[in-house]
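Colleague: Pasting a structure here, questions to come.
Values in this text are rule-based calculations from the coordinates and carry no lab data. The model shown is predicted, which means the values in this text are computed figures rather than measured ones. FYI the Cβ positions are ideal-geometry reconstructions off the backbone, even for glycines, and counts take in every protein chain you see.
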Amino acid sequence: MVTISSMLTINQPHIPDFTNPLGLLVHCHERIEAQLSALERTAEILSAGDTRSLPPAFAIVDRACAHFATPGVKHTEDEDVSLFPRLRERGGTAGQDALAAMTELESQHRTAEQLHAEFDELVGRLPRDGSADAKGLERFNELVTELTTLYRPHILLENNLVFPVAARVLPASEIQALGEEMRARRKDILQRLDVSR
C-alpha cells in the first residue's frame, strides 16, 4: 500500500541519520553549499536592482541566515567539540594529515563566525525596498564571496580527508558516541519537529 509518507520520499535521496554521523556531516555540508549558492544568486538579484524580486531574494537571505545561525552552529560544534578531539586522541600516524588540517579548520570556523556576525548585522541594516546604497550592496557581495571562498575548500578538505580518516581510525563505539552527541545537540530542533507532526 502506498502511503502519503512514502509518496513524500519518492525520488528523494536517503538522508543519513545519527547512526551514520560522518555521513550526516557530509549531508550538512551539502545543505551549507545549497545556502551558499542561494546567497550567490541573491547577490546577483540585489545587484540587478529588480525591486519585484526583492521580497523573494530577502526571504532567501533570511533562510540562509537562520540556517547558519542554528544548524550551522551545531554543525561546527559537531566538529570542534565531538569529532576533532576524538581524532586528536585516536588518529595516530594514520591521521597525521587530518590532524595537521584540523588546526587550520578550527581557525576557519572562527573566521566564519566573524563573517556571519558581520553579514547578519549588514542584512539587518539593508533596506528591503530597493533603496540600499551601492556601498551596502557592495559589502553584501563581498561578504557572500568571502563566505563561499572560505567554505568551499574547507568542506572539500573535511569531506575528502578528515571524515574518511575518522571512518578508518575511530572505533565503532566512538562513531556511535559522536552520533549520540550530535543528536543531543539537536534535541530542541528534534522536539519542535515532533510537536509539529
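Colleague: Can you give the Kirkwood hydrodynamic radius of region 21-191 from its Cα pairs, in Å with one decimal? Write down the numbers at each step before the final one.
Modeller: Working: mean 1/r = 0.0579 Å⁻¹.
When all Cα pairs of region 21-191 are included, the Kirkwood radius is 17.3 Å.
Colleague: In nanometres, what is the gap between the two model label sites at Ala117 and Arg168, each 7 Å from Cα along Cα-to-Cβ?
Modeller: Inter-label distance under the simple model: 3.7 nm.
Colleague: Please quote Rg/Rh for region 131-176 to two decimal places, taking the Kirkwood radius as Rh and restricting both calculations to Cα atoms.
Modeller: 1.38
Colleague: A further question on this structure: What residues of region 169-188 lie in the reach of a label at Thr19, counting those whose backbone N is under 13 Å from a point 7 Å from the Cα along Cα→Cβ?
Modeller: 176
Colleague: OK, next. Tell me, what HN-Hα J-couplings in whole Hz come from the Karplus equation 6.51 cos²θ - 1.76 cosθ + 1.60 at θ = phi - 60° for each residue of region 135-145, using x for Gly and Pro?
Modeller: 5, x, 5, 4, 5, 4, 4, 4, 5, 4, 5
Colleague: Peptides 122-131, 37-46: what's the order by average Cβ count within 10 Å, highest mean first?
Modeller: Numbers: 122-131: 12.2, 37-46: 17.6.
Packing order, densest peptide first, comes out as 37-46, 122-131.
Colleague: Can you work out D for region 109-197 in µm² s⁻¹ from Stokes-Einstein, where Rh is the Kirkwood radius over C-alpha pairs, the temperature is 37 °C and the viscosity is 0.692 mPa s?
Modeller: Working: Rh = 16.7 Å.
So the translational diffusion coefficient is about 197 µm²/s.
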